[in-house]
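Heads up: the structure comes next, in structure tokens.
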Amino acid sequence: MTHAWLVVGPPGSGRSNAARAFSAALQCPDGGCGACKACRTALAGSHPDVLEIDAASNNSVEDVRDLREKVGLVAMRGGKKIYILDEAHMMSRAAFNALLKTLEEPPGHVIFILATTEPEKIIPTILSRCQHYRFRRLTPEEIAGKLEELFRIDAVRRHAELIQEL
């Protein structure tokens, strides 16, 4: 499994929500059911092993050194420890360089998710160590199409359940 993800997209495209959803799926014993305590707390931003850090405010070398010290601690609930660095492009070059060693050789229980609107501001050595996910805003037509698809899938699933009950 990749230990560092980069989630890129314009404002309002769902980067931070996707990072929380990824975290919920990684913490969930069922792979992201959305209903268990691990999912609910990760999605709400209150899971003790999912740490969301505003990189715009915590962008110095000292902040990264503090983070590096915490990375070695095991997860409280025994799973993965996930660090979401929101607005990652706001980190200083020195802070990125301080983070580099941890991204190169992270502890096995740690995953980093860097969310940004401006990936070009992230140094290439960090970018090369991340799996990239690019988001974009959907058009109203695309949203309507996705909703129709979901409702069809849900209707088929309900129909299949009714048939099984018979």
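Beta carbons closer than 6 Å, at least 6 apart along the sequence or on distinct chains, pair a first residue in segment 1-30 that is under 20 Å from THR125 (Cα atoms) with a second that is open to solvent by less than 10 Å² (accessible area, probe 1.4 Å) for HIS3/ILE111; ALA4/LEU103; ALA4/PHE112; TRP5/ILE113; LEU6/LEU114; VAL7/ALA19; VAL7/ALA115; VAL8/THR116.
Mind checking whether some residue in segment 127-144 is among the hydrophobic types (A, V, I, L, M, F, W, C), open to solvent by 60 Å² or more (accessible area, probe 1.4 Å), under 20 Å from GLY9 (Cβ atoms) and over 21 Å from the mean Cα position of the chain (by Cα)? Yes, segment 127-144 has at least one match. Among the residues of segment 18-31, those that are open to solvent by 40 Å² or more (accessible area, probe 1.4 Å) and out of contact with any Gly (no Cβ under 9 Å at 6 or more places or on another chain) comprise ASP30, GLY31.
Of the residues that sit in segment 39-77 and are small (Gly, Ala, Ser) and farther than 17 Å from HIS3 by Cα, which one is surrounded by the most Cβ atoms within 10 Å (Cβ to Cβ)? Step through it out loud before you land on a result.
Filtering segment 39-77 down to residues small (Gly, Ala, Ser) leaves 42, 44-46, 55-57, 60, 72, 75.
Adding the requirement that they be farther than 17 Å from HIS3 by Cα leaves 42, 44-46, 55-57, 60.
Details: ALA42: 27, ALA44: 11, GLY45: 13, SER46: 10, ALA55: 23, ALA56: 13, SER57: 11, SER60: 14.
It comes out as ALA42.
Every condition in (1) touching a residue at least 40 places away in the same chain (Cβ under 8 Å); (2) buried (at least 16 other Cβ atoms within 10 Å of the Cβ); (3) farther than 30 Å from PRO29 by Cβ holds for MET90 except the one numbered (1).
The values are calculated or read from the model by the stated rules, or taken from the named source; none is laboratory data. All values reported here derive from a predicted model rather than from experimental measurement. Glycine gets a Cβ as well: all are built from the backbone with ideal geometry, and neighbour counts include every protein chain shown. The protein model used for the area step is the full one, side chains on, heavy atoms only, and it has no ligands, DNA or RNA in it. Shrake-Rupley method; radii C 1.70, N 1.55, O 1.52, S 1.80 Å.
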